[in-house]
Every structure is written in C-alpha cells, then in structure tokens.
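Nothing in this text is a laboratory measurement; each read-out follows from the coordinates by a stated rule. It should be emphasised that the depicted structure is a prediction, and the values quoted were computed from it without experimental measurement. Note that we place each Cβ from the backbone using ideal geometry, even for glycine, and neighbour counts take in every protein chain shown.
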Amino acid sequence: MSEPTTPQKFTFQAEISQLLDIVTHSLYTEKEIFLRELVSNAADALEKLRHTQLTEKEIFDDRLDLEINVTTDDKAKTITIQDFGIGMTRAELVENLGTIAHSGSKAFLKSLAEGDQKNTNLIGQFGVGFYSAFMVAKTVKVYSHSWRAAEPGHLWTSTGAGSYEIEESEGQRRGSKIVIELKDDCTEYAQDGKAKEILERYSAFVSFPINLNGKRINAIQALWLRNKNEVKDEEYTEFYKFQAHAYDEPRLRLHFSADAPLSINALLFVPKENTEKLGFSRTEASVALYCRKVLIDAKPKNLLPEWLRFLKGVVDSEDLPLNISRETMQDKALIEKLSKVITKRFLKFLEEEAKNRPDAYAEFYAEFGIFLKEGAAMDFGHKDGLVKLLRFESSLTEKGKTTSLAEYVTRLTGDQKEIYYLVGPNRAALENGPYLEAFKARNLEVLFCYEAVDEYVMNNVREFDGKTLTAADHADVKLSELPKPEGALSDTDVQTLTKWLKETLDGRVAEVKASDRLVDSPVLALNADKFMSPHMRRMMKAMNKDGADAPLRVNLEINPRHAVIKRLWETHTGNPEKAKLVAEQLLDNALLSAGLLEDTTSMVARLNKLLETA
Ligand code: ADP
Ligand code: MG
C-alpha cells in the first residue's frame, strides 16, 4: 500500500465560486432543499451503479445493498448522506464537484448573468445540485470510493470559499458519503424529526430505500412510472390518498405517458367532491411536479390552467433539467409546453369518458362542470375542447337529463342559426316563465341555465359550430311568423293601443309593441339593455354592485290575441282611469315574471284599488 498523499489544494472554477457566493449569501428560505438535492444525487449514483453492474464484472464492494443512508447527529451538528452507488475517482471529484458541468447550476448562473438577480427562488425550483449543501454547511466533506477497485478512496473538503482540498482516505465503502457540518443557524437539520419531515416531503418516491438513522422512510412507489396494466385500483386509491392528503376516493383517474414533444409520465385524479362547491375556500393548484421521482414543486402555479385547479396527482418530466440547461430560463416556455400537452390529454380523456361512461360523466359534471365553464369562458386556448364538454338541461330534455351543444345542433329545425338559452333559477321557473312559450310554439329548443355564471359563460363562448348562442329573453331575438289565430285585435287597433300604453306607462317602458312570441300570456317584459340582462341585474343587485341601480329599461310586448288585452282595448277609452290601473298592473306582472319588479309597495295599493272596482 502506498503512503497516503498530503492534501492537495484546488481553486474552484470561477463560475463555481460565483455560484457558491450566491448560494451561501442568499437569504433563501427553502434551505431544506439541499437534502433533496443530495438524496437525488445519491439515487442517481445508485442508478448508475445498477447499469454498470450489467456490464462490468469487477465491482468494488459488490455485495453492498443499493440504498441511501441518512444520519443526523445533533451533538456534533452534522447530517450525513451516504450511498453505495457508483462513487467518484479523484479525477471525477475534480471534474464533477470543481467545475460547472452540470445542467441546473449552469442554467441558474446564466439567468443571473442575464440580469435576473432577484430570482434566487430558482434555487428552490430546480436546485443548484450539490452546491446547495453550502446554504447550510460550514464545511462539506465528500468521502468517495469509485466502483473501480483499482483506485483508493478520497476525501474532498471545502468551506465553499473559493477552494477545496482532496486527499486520499483509507477504509472506505463503495460510493459517496457526504458529511455536512451545519452552520450555527442551520442546526435544526441535525434533528431526526426535521430530516424526516424533509425526506418525506421531497423524496417519498425515490426508488431506492432511504434509511434515516437506521429506519426506512420511503415505502411508497412512484406509481406513475409503472405500467398502468399492472397497477391495481386499490393501489391507485392508496396513492391518491397519500399524495393528495385526501380522505375520499378518486372519482376519475388518468394515467398516461408521452414521449413527444416532451417525455411525460402523469397520474391525475379528480376527487370525489368539489370542495369549492361545499363552500370551502378556493382550491389551490396541487398537481405536483417531479423530475425523475424527485419533487420539484408540490404546488406549481403555472403547470396547469387555473380552471384545472381541482385536479390532484403528479406530473413527472425527465426533460425538466435538460431543457433548463439548453434554453436557459426558458423554463416558462417549457412549463407552458408541458401544460398544453397535459391539458389537451385531459380534455380528450373527458371526451372519452362522456362517450363511454355517460352516467359517470354526468355525475362528474354535476360536481365539477363549473370549472369547465370557467375554462370555456376564460381560457381561449382550450375553449373549443371545453365547449364540447358542456352540458345543459333543455326544453326538450327530461328534468335531470342533459344535452351537449353538439346534440342540440343535430336537432336544429329549418335554417335556425341560433342556439337559444334561458338563464333562471331552476327548471320550473323557466318553464312557467313567459319567455319559453314562443319557442315552444315554434318547436325551437331552448337550453336551460341555472347557474349564476352561465350568462357570463354564454356571452364569452358566443358561438358553437357556427351557431350564435342567443339569450331567448333578449329583445333582439326575431322569431318567425305564426299563423294569426281568430279574434285578435286588428293591426290598427294594436297600433293605437300600444301608443296609448307607451304614453300611459310614461317613462317606465322604452317601447311597446305587439308580440310574435306570446301564446298564453297577455304581456311580456323584454330586456332592452344590451349590456345588462335581467338575470345579470338581479345578480348585481344581490352583490350590491354599481350599475344595478341604473333605471331599468324594458320593452313591453303585448299579446293581441289575449282576452285581457282585448278587454283593455275596450275599456281604454270608456274607462281610462281603470284602464290605466290595469296597464300598470300588467307591466308589473311582466316585471314580476322576469324577476325585475323592484318595488312592490305601489302594486299592492293598486291591486286594492282594482279590487274595489271589481
Ligand atoms: P447533477 O446531479 O444535476 O448532475 P449536481 O451538482 O447535483 O448536478 O452534481 C454534480 C455531479 O457530481 C453529478 O453529475 C455527479 O457526476 C457528481 N455527484 C454528485 N453527487 C454524487 C454522488 N453521491 N455519487 C456520485 N457522483 C456524484
Ligand atoms: Mg444533482
């Protein structure tokens, strides 16, 4: 055996010094990620050894288990990470730990050079690998023995200030052992409980055993990397509960992988219940982002569009650090790409569900449809995919059954260019309201919308398959002529009566005309304000919003075939005082049906007067 050499001193490559300077002086809050980085290096080293074992016969210390041992010592204020992986030779220690070869650190530096000085939280997102140890370390010692038996083991030491030393070191096992002597304000990492918490957070799915102070802590498999044909339902459920901290069972799940344009393994879950609907606060995005089983971000904000915030699960992409190095801080573009691929895939999945398991889809929709509507209204990029997934009850469906817009279009009659909808509190209110009868009489289907956001959604979606989405209660809607039934007032009588009504109802109506839509009701109030529908007005009033108090502008339509109108025609000259009361009451009735009657006190007084004359 040769004499151990004296320690040899090296200076770090200039870039490394710069990096270390930032890492050690940043007030970065998530210092704990150093442990994630070192464990991920250990796992990489074990993986490389496993590959080497396939081709090489002579492996140093060949009977060691492929595992990672973390030990803490709160007296000595140290934490040690040991792996029995591939190890490093002297030359490799210099090459790997003294120069900037590796991806994440390089990208980080470049972004800083490009003036993104403030962006130190990038350390947390992508790590700066091995060097993040210096966020918490006074000194870092790396004992390493390569799998190549011929070379002795070495000890690499540095305080992170400009230089490091390497000396030979006797009696080592294969692999690397990294001993961190903690800074005085970082001694918490020498506690078993703290280390456990961090390892469970970031490294729960690492596929090699991790023991902390002799106790195994990671038993859960990275299910998303397994072949889906080999995973049992119970395993998925158990994983969901663990990963999403959930107590329910998942309602839907999508497990898929893709190679192009990005390598992705994803396992997504839709929970049983929509907690926002239950009145809990806004759900936070919580599909976690992994790179090769190591957590990068548990709650990445921009990984998926806002409206997918109800999803749980995991997205793992090997391309993450790679692209980071090549594009340097184009991570935004990369995340966008990931987002697109995953969102498209999920939309396709929902479409298949709707087709193959319509009942399950309907249940899903009842619970989570609101998110799809939000997306359809706000996310232009995915609007087309989302609109296809929307469902509505309609004047032609049974109560509780729904139709898609595509199905509606197949039932269009004649040259109908519009998809009609009505917004109201529930089916009964819409069926009994005055607006539907004209559409029924013409065999036109009307979609029923019961949710507060529907109006906004319909306005934003605007059209489907070339057909305009049109509110059936809007004054602009033109309907075809129906054959005039017997006994209607003549056109000239109608003209006189509408003129009289407009004068009599002075200021309360914008316009009065004969209706082509009324069948069973005498009058109808139509919204004359393009920008505020009756429903919207009600909502704004409920929320005390500005604009809700603007004078109401309605058009009154009368039914020249209805007995009440004919009677009004007869009395309006003979008994103008009573006719005025009737006219006002008719307008109030119309407003009441439309949910627009704001002051009922004058109505009661008037009704009493009318009763006196009865
Ligand atoms: P990355 O892991 O992204 O390559 P790091 O800064 O984490 O970058 O590590 C730099 C290099 O040091 C690694 O690529 C690897 O070659 C070497 N290395 C780090 N830790 C170990 C280890 N425990 N065993 C063997 N090699 C290691
Ligand atoms: Mg690394």
key: Exposure proxy order (Cβ contacts within 10 Å, fewest to most) of 281, 257   = 281, 257
query = When we measure straight from the Cα of residue 77, which aspartates and glutamates land under 13 angstrom away, once same-chain ones fewer than 8 places off are left out?
reply = 181, 184, 185, 188, 192
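Cross-link list 48/299; 383/467; 75/138; 299/388; 48/232: which exceed 18 angstrom alpha carbon to alpha carbon?
48/299; 299/388; 48/232
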remark   = The answer for residue 290, listing residues at least 5 apart or on another chain whose modeled amide H is closer than 5 Å to its amide H, is 296, 315, 316, 317
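Counting Lys and Arg as +1 and Asp and Glu as -1, each charge on the Cβ, what is the dipole of the chain about the Cα centre in debye, to the nearest 20? Before the final figure, lay out the partial values.
Numbers: 82 positive and 96 negative charges, 165 e Å.
With only Lys, Arg, Asp and Glu charged at Cβ, the dipole is about 800 debye.
Tell me the mean residue ellipticity at 222 nm calculated for the chain from its helices only (DSSP H runs of n ≥ 4, each -39500 (n - 2.57), averaged over every residue, nearest 500).
Estimated from H runs of four or more residues: -12000 deg cm²/dmol.
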ask   = Amide H neighbours of residue 393 under 5 Å, counting only residues 5+ apart in sequence or on other chains, H built in-plane at 1.01 Å?
value = 403, 448
Under Karplus coefficients 6.51, -1.76 and 1.60, residue-wise ³J(HN,Hα) of region 285-291 in Hz, glycine/proline x = 3, 8, 7, 7, 9, 10, 10
query = So what are the ³J(HN,Hα) numbers for region 73-90, from phi and the Karplus equation (6.51, -1.76, 1.60; θ = phi - 60°), rounded to whole Hz, Gly and Pro as x?
reply = 9, 7, 6, 7, 6, 10, 9, 10, 10, 10, 10, 9, x, 6, x, 9, 7, 4
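Where in region 1-94 are there trypsin sites (Lys or Arg not before Pro) that are in a DSSP coil and have at most 15 other Cβ atoms within 10 angstrom of their Cβ?
Answer by residue number: 57, 63, 75.
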key: FRET efficiency estimate (nearest 0.05) - Cβ-Cβ, residue 273 to residue 463, R0 30 angstrom   = 0.35
Residue order, fewest to most beta carbons within 10 Å, for 526, 489 = 489, 526
request  = Grab the beta carbon distance between residue 221 and residue 245, set R0 = 22 Å, and tell me the FRET efficiency rounded to 0.05.
outcome  = 0.80
message = Test of understanding: given the chain, find the longest segment containing no chymotrypsin sites (Phe, Trp or Tyr not before Pro) that are in a DSSP loop and have at most 12 other Cβ atoms within 10 Å.
response = 281-530
ask   = Per-residue HN-Hα couplings for region 373-385, Karplus 6.51 cos²θ - 1.76 cosθ + 1.60 at θ = phi - 60°, whole Hz, x for Gly and Pro?
value = 5, 4, x, 4, 7, 10, 9, 4, x, 10, 3, 4, x
ask   = Considering only region 392-471, what is the antiparallel percent among its DSSP beta bridges, to the nearest 5?
value = 40 percent
ask   = If amide H atoms are built 1.01 Å from N in the plane of the peptide, which residues on other chains or at least 5 residues away come under 5 Å of the amide H of residue 163?
value = 12
inquiry  = 7 Å from Cα along Cα→Cβ at both residue 415 and residue 161: what's the point-to-point distance in nm?
reply    = 8.7 nm
